[in-house]
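The block underneath contains the structure these notes are about, expressed in structure tokens.
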Amino acid sequence: MTAALAFAPPLRATSRSTAEDDVWATMRAEAEAALIEEPLYAGLVQATVLDQRRLAAALAHRLAHRLGDGDLSRLTVRDLCLSAFEADPQAGSHAVRDLVAIRERDPTCRRYIDPFLFYKGFAALEGYRVAHWLWHQGRATLALHLQSRISEVFGCDIHPAARIGSGVFIDHATGVVIGETTVVADDVSILQSVTLGGNGKESGDRHPKIARGVLLSVGAKVLGNIRVGEGAKVAAAAVVLHEVPAHTTVAGVPARVVSRLKPGEEPAQSMDQSFGFGDGI
């Protein structure tokens, strides 16, 4: 290893502030810099971030721009988003913790403004939060419309009745499916093509329960009303049909426990895809 590599700063930053005002101030500073960096994008950055007084308003503006269509205008979608964010006192903290999760776990992410403007996973998750609020207001038609638009635009299908915590990272988002009675706790990482679905035979409460700090790797399928325990790791392309103990790695079709994680290991934070033993070439 060269000296330059040895002393290069890590790509992932840790222990970032989750205070909404701090993140919003940082993002505004990033937006100011982006105006200089790319003048062709200055109008959108100005309207989306710098002309807004708070993060919730900026997020409503951005979601409306991306999800508004011929069925619902951008103005209508913006007003729905603002209603949802104003009604839920935790909406701002959810969005901030989701942004911080991306900033800490994604080695390609160096600014808050990038996932805020461009990342499908962040937009799909925050759009789901609006649909979830509508669902619990008894406005199922609008909630399902948003679900459909999110799926069309971002390739990520999340039922509005699902329950998802904060600090959740949906990486790439393409092909992610999360069913109606799914529960996802805080600080979970979900990679592309993950399915949290039913087993095709049950009705009622039929979808997975994902505990805090779980890593669901590329193409993992968790099927049925089963629990994936805290801090577990589900390997790429695994098909999980039974309970997963906490702090273990499961892999294969059907998935089986292949290793136990070390004390203090947090797979959703580290994003380490290895099995915990000799992983071959």
| query | Under 20 Å Cα-Cα from Lys201, which aspartates and glutamates qualify once same-chain neighbours fewer than 8 residues away are excluded? | reply | Glu180, Glu243
| task | Bin width 10 Å, alpha-carbon pairs only: give the P(r) of the range 195-277 as whole percents, running from 0 to the bin holding the largest distance. | result | 21, 56, 20, 3
| Whole-Hz couplings from phi, Karplus 6.51/-1.76/1.60, listed for the range 98-109; x for Gly and Pro | 5, 5, 5, 4, 5, 4, 7, 9, 9, x, 8, 9
| task | Run the numbers on the range 25-162 and let me know its relative contact order in percent, using alpha-carbon pairs under 8 Å that are six or more apart. | result | 18 percent
| task | Please work out, to two decimal places, the log10 of the ratio I(q)/I(0) at q = 0.10, 0.11, 0.14, 0.16 Å⁻¹ from a Debye calculation in which every Cα of the chain carries one identical scatterer. | result | -0.54, -0.64, -1.01, -1.24
| request: When you have a sec, figure out the Kirkwood radius of the range 17-60 from all distinct Cα pair distances and drop it here in Å to one decimal? | output: 10.6 Å
| field | Sequence-separation-based contact order of the range 210-281, relative, with Cα cut under 8 Å and 6+ spacing, percent | value | 27 percent
| said: Antiparallel versus total DSSP beta bridges in the range 175-281: what percent is that, nearest 5? | reply: 20 percent
| query | If you roll a 1.4 Å probe over the chain with all protein chains in place, what percent of the accessible area is carbon or sulfur? | reply | 55 percent
| query | Reachable lysines from Lys120, Cα under 24 Å, same-chain residues fewer than 8 places away excluded? | reply | Lys209, Lys221, Lys233
| task | Might you work out the accessible area of Glu243 for me, using a 1.4 Å probe with all protein chains in place, and round it to the nearest 10 Å²? | result | 110 Å²
| Nearest-0.05 FRET efficiency for Ala140 and Ala236, computed from C-beta distance (R0 35 Å) | 0.50
| Share antiparallel - DSSP beta bridges, the chain, percent rounded to 5 | 15 percent
| field | Percent of C-alpha pairs per 10 Å bin, the range 90-199, short to long | value | 16, 51, 30, 4
| said: From the helices alone, meaning DSSP H stretches of at least four residues, give me the mean residue ellipticity at 222 nm for the chain, per-run term -39500 (n - 2.57), in deg cm²/dmol to the nearest 500. | reply: -12000 deg cm²/dmol
| If you take the charge dipole of the chain about its Cα centre, with +1 on Lys and Arg Cβ and -1 on Asp and Glu Cβ, which of Ser148, Val168, His242 is farthest toward its positive end? | His242
| Just how large is the dipole of the chain about the Cα centre, in debye to the nearest 20, putting +1 at every Lys and Arg Cβ and -1 at every Asp and Glu Cβ? | 460 debye
| message | Given the whole protein assembly as supplied and a 1.4 Å probe, what does the accessible area of Tyr41 come to in Å², nearest 10? | response | 80 Å²
| task | Using only Cα atoms, locate the centre of the range 218-272 and the centre of the range 131-184, then give the distance between them in Å, rounded to an integer. | result | 22 Å
| Compactness index (Cα Rg / 2.2 N^0.38 Å), the range 52-113 | 1.24
| Integer Hz, Karplus 6.51/-1.76/1.60 couplings in order for the range 234-244, x for Gly and Pro | 9, 6, 4, 6, 5, 10, 9, 10, 9, 3, 10
| field | Solvent exposure of the chain as accessible area per residue, Å², 1.4 Å probe | value | 46 Å²
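The values are calculated or read from the model by the stated rules, or taken from the named source; none is laboratory data. Predicted, not measured: the structure shown is a model, and the values here were computed from it. Methodologically, a virtual Cβ is constructed for each residue, glycine included, from the backbone with ideal geometry; neighbour enumeration extends over all protein chains shown. Quick note on the areas: whole protein, heavy atoms, side chains included, nothing else; ligands and nucleic acids left out. Shrake-Rupley method; radii C 1.70, N 1.55, O 1.52, S 1.80 Å.
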